Amino acid sequence: MSQIKDYPTMFSLAGKIAVVTGGSRGIGLHAATGLLHAGVSTLIITSRKADACAEAVAALQKLFPRADVSAIPADLSKPAEVTRFVAEVSKKVKSVHILIANAGASWGAPVDTHPDSAFAKVMDLNVRSVFNLIRETIPLLEAAGTKEDPARIITVGSVVGLQIGSIGEHGTYGYAASKAAVHHMTKHLAVALGPRKILVNAVAPGWFPTKMASGLLDLYGGAGGQGKASPDGRIGLPEDIVGVMVFLCSRAASHVNGTIIPVDGGMHLVPASKM
Ligand SMILES: NC(=O)c1ccc[n+]([C@@H]2O[C@H](COP(=O)([O-])OP(=O)(O)OC[C@H]3O[C@@H](n4cnc5c(N)ncnc54)[C@H](OP(=O)(O)O)[C@@H]3O)[C@@H](O)[C@H]2O)c1
């Protein structure tokens, strides 16, 4: 007979403290909502726009009146803002169990005219700022992690970091490179931080109809067209993000480290000739 320790709490995040970047909308807001459903008691979100943050906080606080939900608006593409953000977080909480490094940006342009400034912008926000944020949050994560239940960092990569994404008129050259970099950085950090009781994993979403993705999604046949191209016949739903995020942050995943989990119905495995 297997001895499963306390199965009912295996996926529970009761009492945990979480930080979600880009938590004001899209995938970050799905993740934040899921963490609260799973029992997170203190949630701090961030994005650049204070009004969007306030709106998300109000909606989440209404849904989860017993949780402490707040926002610290910051432009994480700037190292000084990352430092200020983490300092503000430290004033609110003494430890952080869960850090979801989700904020990101994309850019589409043909290869011949793909601007240096756009390449730099996506690399800065999607890679450099994620590293800066993680480095500065380590003391708070170390304060939360235990051997049995380590602290968690989830980076948000993309299936375009695993396969070839958009080329041609709306080529996402810098974006795809940035997401491949996020995946590789996640593995490095997993090995470096595992011994410090912090696990680092990446989620690699396929199509989710958010503000960032909707324009490109429409150009490539919309939810219907891209859904049909996927082995499971659809694009992503909020629940798909919630399921994988809650799992990775829970005790159920306390021995999962350095993985990249595609959340795309298997679309990244489809040969380009079939898409
Ligand atoms: N949607 C998809 O199909 C898809 C697929 C694969 C990967 N992803 C990844 O998922 C993550 C979330 O994307 P999404 O689709 O949810 O996009 P989204 O709806 O555009 O949300 C992006 C979030 O990041 C924030 N943000 C942007 N720039 C920021 C900055 N400089 N500092 C702080 N926050 C900033 C935005 O708020 P403000 O504008 O207020 O700053 C917003 O909250 C990204 O890393 C993206 O690459 C998305």
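What to note about this one:
- Within the range 60-83, the residues that satisfy the criterion of being more than 13 Å from the ligand (Cβ to nearest atom), touching a helix residue (DSSP H, G or I) at 6+ places or on another chain (Cβ under 9 Å) and either assigned to a loop (DSSP other than H, G, I, E, B) or open to solvent by 60 Å² or more (accessible area, probe 1.4 Å) (or both) are Leu63, Phe64, Ala67, Asp68, Thr83.
- Qualifying residue in the range 237-247 (condition: in contact with a Leu (Cβ under 8 Å, 6 or more places away or on another chain), closer than 30 Å to Glu148 by Cβ and either open to solvent by 30 Å² or more (accessible area, probe 1.4 Å) or at pLDDT below 95 (or both)): no
- Selection status of Ala105, closer than 25 Å to Asp51 by Cβ, touching a strand residue (DSSP E or B) at 6+ places or on another chain (Cβ under 9 Å) and either assigned to a loop (DSSP other than H, G, I, E, B) or open to solvent by 70 Å² or more (accessible area, probe 1.4 Å) (or both): no
- Checklist (1) outside any loop (DSSP other than H, G, I, E, B); (2) open to solvent by 30 Å² or more (accessible area, probe 1.4 Å); (3) in contact with a helix residue (DSSP H, G or I) (Cβ under 8 Å, 6 or more places away or on another chain); (4) at pLDDT below 95 applied to Gly215, failing item: (3)
- Screening Ala18, Ala56 for residues that are in a helix (DSSP H, G or I) and either within 6 Å of the ligand (Cβ to nearest atom) or surrounded by 17 or more Cβ atoms within 10 Å (Cβ to Cβ) (or both) leaves exactly one candidate, Ala56.
- Yes/no for Glu136 being modelled with pLDDT under 95 and part of a helix (DSSP H, G or I): no
- Residues of the range 175-212 classified as β-branched (Val, Ile, Thr), in contact with a strand residue (DSSP E or B) (Cβ under 9 Å, 6 or more places away or on another chain) and part of a loop (DSSP other than H, G, I, E, B), total: 0
- Within the range 158-174, being under 19 Å from Asn257 (Cα atoms) and either assigned to a helix (DSSP H, G or I) or not hydroxyl-bearing (Ser, Thr, Tyr) (or both) holds for Val159, Gly161, Leu162.
- Looking only at residues in the range 194-242 that are more than 12 Å from the ligand (Cβ to nearest atom) and within 13 Å of the chain's Cα centre (by Cα), the one that is nearest to Pro139 (Cα to Cα) is Val200.
- Within the range 113-156, the set of residues being more than 22 Å from Cys249 (Cβ to Cβ) and either within 14 Å of the ligand (Cβ to nearest atom) or basic (Lys, Arg) (or both) comprises Ala118, Ala120, Lys121, Val122, Met123, Asp124, Leu125, Val127, Arg128.
- Of all residues in the range 87-102, those being open to solvent by 10 Å² or more (accessible area, probe 1.4 Å) and away from the ligand (no atom under 12 Å from the Cβ) number 9.
The values are calculated or read from the model by the stated rules, or taken from the named source; none is laboratory data. These numbers come from a predicted model, not from an experiment. As a convention, Cβ positions derive from the backbone with ideal geometry for all residues, glycine included, and neighbour counts pool all protein chains shown. All accessible areas refer to the heavy atoms of the entire protein, side chains included, with ligands and DNA or RNA removed. Shrake-Rupley method; radii C 1.70, N 1.55, O 1.52, S 1.80 Å.
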